[in-house]
Amino acid sequence: MTAIPNRTATGGLDTAALQALDAAHHLHPFTHHGELAAKGVRIVTKGEGVWLTDSEGNEILDGMAGLWCVNVGYGRTELAEAAYAQMQELPYYNTFFQTTHVPAIALAATVARLAPGDLDHVFFAGSGSEANDTNIRLVRHYWAEMGKPGKRVIISRRNAYHGSTLGGASLGGMQAMHGQGGLPIPDVVHIDQPAWFAEGGEMSPEEFGIARARQLEAKIAEVGAENVAAFIAEPVQGAGGVIVPPDSYWPEVKRILAEHEILFIADEVITGFGRTGHWFGSEGYGLAPDIMTIAKGLSSGYQPIGGSIVSTRIAEVLNEAGEFFHGYTYSGHPVACAVASENLRIMEEERVVDHVHDVAGPYLAEKWGALADHPLVGEAVSKGLMASLALTPDKAARAPFAGPVGEAGFITREISFGNNLIMRHVGDRMIIAPPLVITPDEIDLLIERAVRTLDMAHDKLRAEGMLKAA
């Protein structure tokens, strides 16, 4: 076994040696390991602002902020210093057994202040996946304490993403994940997503939004309102392809939930902490969640932390209900909380959310929207600093490709990586979510590389006879 001899960027090993070591021992998330071992993993060694450097010295514009999370950008020494200071003082203690510590107290208070409405209480977890597992337990426990133990069913949406634990993946609606491990777990059901471009048919976006919202009403009637505990949804679907719902969708969903005594869980793991140009995506749609799932931008990814922000209505029931038999070893980890608090201080003092709302978001919307004129693009949408392109061989018909779903997207992604732009593909949609501190000049570079990528992908797909509609 080869050992890395020191803690320098590459440990003194060249790229090929590091790739071999990785292939020999490292199992990656969401990866075909045989293909990766044959190809060789890309090794990232440094980050600064919106830029990454790999082991070959390439400078890469990170159009995905890591995994939607590095909101304040890379290289913020304040966050490293906050972690170091906290590790020296109290590197770990739990929040079980009627005990707490200052970092957890301070972060909970800050999150409650920033959250909309009466979302005033925080249950910490280590990730968004864990937080959504908490939410399953939480809503069922709440209704049992309210004398309605039959309200156990949670309604979600197909192609939604709510994590990859058993509970989180069950709440999510991704069929590939459900096909591994016997998912979903009982009492989780799904309705269709509000994806007009791919699924709207002849309906206008407004008609389609109402129709998809009313699937929720139909599912409630099918299951029985007396059995439904909650509806969970992302304000804008992220990992499903940056699906921005039609304007008619959320008002109708709000009406339906209010009429049937059903809790609303807003999964803001991606849309929270400035991504949409508001502190939380729910604010931009006038939503009033009972529970909000948070993670990612809470610490800008510098430490693993997530949580569930809970309304006063639910917290008051928990206060009277006796012990809630649930928690994690790292719930409210002091180092993670200290880093998250410093991250939120930076965001407030540097007015990062205002930058997204007033500067970067509108500028990206203008430049990104113009990509709809490209012959390979059927739709170009954005919300704040998350955006997507629908690739199509037939713009007028909004047609999918004749080949396997995602093949054109994968080709485009590989070309984008070759152009030193990290742009992800979900099926045949290309998506971005850059750090929130990205400047207009850097957006220009992102767009320049995206256009080059689309041109090259269009040429390759045409040369290989893949520009055919299904």
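Judged by the mean number of other Cβ atoms found within 10 Å, the most tightly packed of the peptides 39-46, 281-288 leads the ranking 281-288, 39-46.
Entry note, the range 345-457: relative contact order of 25 percent, from Cα contacts under 8 Å with a spacing of 6+ residues. Among LEU445, SER204, ASN159, which residue has its Cα furthest toward the positive end of the charge dipole of the chain, with +1 on Lys/Arg Cβ and -1 on Asp/Glu Cβ? Going by the charge dipole, the pick is ASN159. Taking Cα centre as origin and charging only the Cβ of basic (Lys, Arg, +1) and acidic (Asp, Glu, -1) residues, the dipole magnitude of the chain rounds to 800 debye.
Cross-link pairs exceeding 25 Å in C-alpha to C-alpha distance, out of LYS46/LYS460; LYS151/LYS219; LYS148/LYS254, comprise LYS46/LYS460. Report summary: the helix-based calculation at 222 nm, which adds -39500 (n - 2.57) for every DSSP H run with n ≥ 4 and divides by the residues of the chain, gives -12000 deg cm²/dmol.
Most simply put, the chain has about 70% antiparallel DSSP beta bridges, counting only bridges with both residues inside it.
What does the C-alpha gyration tensor say about the overall shape of the chain? Classify as rounded when a/c is under 1.5, otherwise prolate if a/b is larger than b/c, or oblate.
Verdict is oblate for the chain.
Anisotropy class assigned to the range 76-231 is prolate, per the alpha carbon gyration tensor with a/c at or over the 1.5 cut-off and a/b larger than b/c. Using the average count of surrounding beta-carbon atoms within 10 Å as a protection proxy, the listed peptides 443-449, 375-381, 175-181 rank, highest first, as 375-381, 443-449, 175-181.
About its Cα centre, the dipole of the range 39-160 is roughly 880 debye, where the only charges are +1 on Lys and Arg Cβ and -1 on Asp and Glu Cβ.
Label sites at HIS326 and VAL223, each approximated as a point 7 angstrom past Cα along Cα to Cβ, lie 1.5 nm apart. Taking every protein chain into account, the accessible area of the range 1-126 amounts to 59 square angstrom per residue (probe 1.4 Å). Solvent-accessible area assigned to carbon and sulfur over the chain amounts to 54 percent, based on a 1.4 Å probe. Note that the range 331-416 presents 37 Å² accessible area per residue, ligands and nucleic acids not counted, probe 1.4 Å.
Rounded to two decimals, the Cα radius of gyration of the range 1-129 over 2.2 N^0.38 Å is 1.39.
Compute the Cα gyration tensor for the range 153-215, then decide on rounded, prolate or oblate, letting a ≥ b ≥ c be the square roots of its eigenvalues: rounded whenever a/c is under 1.5, prolate when a/b is larger than b/c in the other cases, and oblate in all that remain. It is prolate, given that a/c is not under 1.5 and a/b is the larger ratio. Does anything in the range 433-470 have its amide N under 18 Å from the 7 Å Cα→Cβ label point of ALA370, and if so which residues? Counting only backbone N, you get 439-456. Close amide H pairs (under 5 Å, H built 1.01 Å from N) link VAL426 with ILE431, residues at least 5 positions away or on another chain.
The values are calculated or read from the model by the stated rules, or taken from the named source; none is laboratory data. Small disclaimer: the values here were computed from a predicted structure and weren't measured. Don't worry about glycine lacking a Cβ; one is built from the backbone with ideal geometry, like all the others, and counts go over all protein chains shown. All accessible areas refer to the heavy atoms of the entire protein, side chains included, with ligands and DNA or RNA removed. Shrake-Rupley method; radii C 1.70, N 1.55, O 1.52, S 1.80 Å.
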